[in-house]
1. So the check is Cβ under 6 Å with 6+ separation or different chains; which pairs have a first residue in region 38-65 that's of a type in the set (S, T, N, Q) and within 11 Å of the ligand (Cβ to nearest atom) and a second one that's modelled with pLDDT of 95 or more and in a loop (DSSP other than H, G, I, E, B)?
2. Take the residues in region 86-116 that are among the basic types (Lys, Arg) and surrounded by fewer than 16 Cβ atoms within 10 Å (Cβ to Cβ); name whichever of them is nearest to the ligand (Cβ to nearest atom).
3. Just a yes or no: is a residue in region 60-68 closer than 20 Å to Glu122 by Cα, among the small types (Gly, Ala, Ser) and surrounded by fewer than 17 Cβ atoms within 10 Å (Cβ to Cβ)?
4. Of these, Met119, Met78, which one is under 12 Å from Gly62 (Cβ atoms) and more than 16 Å from the ligand (Cβ to nearest atom)?
5. Would you pick out the residues in region 74-114 that are among the β-branched types (Val, Ile, Thr) and either at positive phi or part of a strand (DSSP E or B) (or both)?
Amino acid sequence: MLRFLCRDLRKQADVDVGSHGEYSAFMDQCFDYDEREYTYRVCMFKDAKQISKGGGSDVTIGYWDAWTGPSDNKYLKMKYANGATCWNGPARSLTITFQCGVDHKIIDVREPTRCEYSMLFETPSACDEKIATTIIHPNHEEF
Ligand code: MAN
């Protein structure tokens, strides 16, 4: 029992949940988005799936990989990679872009390039960096 607890704690400690822990609320959370053909489900820091509404088995579109935002805003994007391989194509992958908003929810899912999915996700966690900057450095001129 204790061994399992330790393992879970270690697993959580290994995950990068933001420079101020702002994405810790995502731990063990899954989110769904329905579109015409599929439901997309992302389980944060774990995997992402494309679930067919017309039956058929779920397709994994990626496993948790890394934060991939630009160097000055690393926590803007995250990537799920090495999903089920497309016929004649690459392994499926998903990039999530976060935007500051009131709720934790998926706003949109697209497949701009075949088997490369992109998701727009609204969350208060993405507002944190700006807030922290304002509080810690209220007046940049002083520095
Ligand atoms: C399935 C889905 C699509 C993908 C094709 C590629 O139909 O996973 O999103 O483009 O396979 O063959």
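The values are calculated or read from the model by the stated rules, or taken from the named source; none is laboratory data. Please read all numbers here as calculations on a predicted model, not as lab measurements. Here the Cβ is made from the backbone with ideal geometry for all residues, glycine too, and neighbour counts use every protein chain on show.
1. Thr60/Gly83; Thr60/Ala84
2. Arg114
3. Yes, region 60-68 contains at least one residue that is closer than 20 Å to Glu122 by Cα, among the small types (Gly, Ala, Ser) and surrounded by fewer than 17 Cβ atoms within 10 Å (Cβ to Cβ).
4. Values: Met119 fails: more than 16 Å from the ligand (Cβ to nearest atom).
Of the residues listed, the single one that is under 12 Å from Gly62 (Cβ atoms) and more than 16 Å from the ligand (Cβ to nearest atom) is Met78.
5. Within region 74-114, Thr85, Thr95, Ile96, Thr97, Ile106, Ile107, Val109, Thr113 qualify.
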